[in-house]
1. Report ³J(HN,Hα) in whole Hz for each residue of the stretch 104-109, in order, from the Karplus equation J = 6.51 cos²θ - 1.76 cosθ + 1.60 where θ = phi - 60°; Gly and Pro get x.
2. Which listed residue (V95, L108, L159) has the Cα farthest towards the positive end of the charge dipole for the stretch 86-169, taking +1 on Lys and Arg C-beta and -1 on Asp and Glu C-beta about the Cα centre?
3. How would you rank 57-68, 168-179, highest first, on the average number of other Cβ atoms within 10 Å across their residues?
4. What nm value, rounded to one decimal, do you get for the distance between I80 and E30 when each label is placed 7 Å out toward the C-beta?
5. Would you mind estimating how fast the stretch 24-120 diffuses translationally, via Stokes-Einstein at 25 °C and 0.890 mPa s with the Kirkwood radius over Cα pairs, in µm²/s?
6. Long-range amide H contacts for T71: which residues qualify at under 5 Å (H placed 1.01 Å from N, peptide plane, sequence gap of 5 or more or a different chain)?
7. Quick one: if you stick a label point 7 Å off each Cα along the C-beta vector at E218 and D20, how many nm between them?
8. What Rg and what Dmax come out for the stretch 206-336 when only alpha-carbon atoms are used, in angstroms?
Amino acid sequence: MRARDLLHPRPEGLYCPPGDFYIDPVRPVERALITHGHSDHARPGHAKVLATRETLDIMAIRCGPGFAGSTQAMALGDKIKVGDVTVSFHPAGHVLGSAQISVQHNGLRIAASGDYKRASDPTCAAFEVVPCDVFISEATFALPVFRHPDAAHEIGKLLKSVQQFPERAHLVGAYALGKAQRVMRLLRDQGYDKPIYIHGAIARLSEYYQHQGVDLGELQPATVEDGDRSDFAGAIVIAPSSAFADRWARRFPDPLACFASGWMRIRQRAKQGGVELPLIISDHSDWIELTDTIKETGAGEVWVTHGREEALVRWCELNGISARPLHLVGYEDEGD
C-alpha cells in the first residue's frame, strides 16, 4: 500500500480515505481526529470528534460545549478501529492532552505527530517515540540556529530580575494554553511561593490544569480596579501576549515586559516586540530534537508540515531519508 493512499492532504486537512476521517482539519468535516487543543488544530463545527479527554475538555472551554455534533474520548495507548484503519493516540509532550495519532492499515503505519516537544514538562505527559514507516513532523523551529536552552535557566533569569527590580511588575507574555501553565509550574519548581497574578483569559484553563492534578500554586486575578498600582510592585503577572497591546498592561507599576517563546532566540524579534526580558521557553522541539526524533522513529519517509519545511526536508535527504513538504495551510505558531 502506498502511504499517500492512507493519508494525503486536502484543502480541509490531512485525509484518510480507508478511515474516512481527517486529522486536525481546518474546515468543518464529518469526522475529525484532533491532536491537541490549540485553536489552529482544534476548530469547532465538526460532526464527530475523536481526541483525548483533556483535549475534548479544553475544546469545550475554548469553543463552548456545543463545539461538535458528538465526541469520543481516546485514552493514550488504546487502539480503535475507524473504518478499516487502526488508530491509536500517543503522548506528544506539547500541552495537556496533546497526542500523536498513529494510523495503521495493511501493514503500513503513519505517525502524525501534531505539535510536539521533547523537553521535560511536568504539566503534560512526556513525548513517546512511535516507531513507524512514515513520520509526519512539524517544523516550527526547524533551522540549526534554534537550540532551546533549559527552561529552568530561563525562569532563573526571571526570578533574578524580580529580585533586582522589586519596585516593578514583571509582565510575562505566554500563550493561554500550555505555555502559561508551564511557566507557573516552572516558577513553583524553583521555590517561588508567592501568588502569581493572571489575566482573565488564562483563568479557566489554569483552573482546569489544577483540576487535572497540575499544582500551579496560588493564583490571583491581575486586576487593579479595587486596589492600588503599588500592590503589584515585585509581582509576576502572566497574560496572553495580546494583552500587552492595550491599556491593561499600563495599569501596573513600571511594567517590565517579558515574553516566553522559542522565538525569543531571535533578538530582533524580541526588540521589535518591545520585550525587555526575553525568555526562550518553547513548547515545540528545537532542531536537534526534531532530527533526533526522526531518527528514533525509524521512519523511512518523513512528511514535513507547518514551519521551516525546506530545511528539515533537506536534512532528511542528506541522511538518506525520503522526505517531502506537505504545504498544509491554516496552521500557525500558537503555543510556540
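The values are calculated or read from the model by the stated rules, or taken from the named source; none is laboratory data. Predicted model only: the values in this text are computed from it and were never measured. So basically every Cβ, Gly included, is an ideal-geometry build from the backbone, and we count neighbours across all protein chains shown. Only protein heavy atoms, including side chains, enter the accessible area calculation; ligands, DNA and RNA are left aside. Shrake-Rupley method; radii C 1.70, N 1.55, O 1.52, S 1.80 Å.
1. With the stated coefficients, the stretch 104-109 comes to 10, 7, 6, x, 10, 10 Hz.
2. Comparing the listed Cα positions along the dipole, L159 ranks first.
3. Working: 57-68: 17.2, 168-179: 25.7.
Most protected by this proxy first, the peptides run 168-179, 57-68.
4. 1.7 nm
5. 183 µm²/s
6. V49
7. Computed distance between label sites E218 and D20 equals 5.6 nm.
8. Both quantities, over Cα of the stretch 206-336: 20.2, 63 Å.
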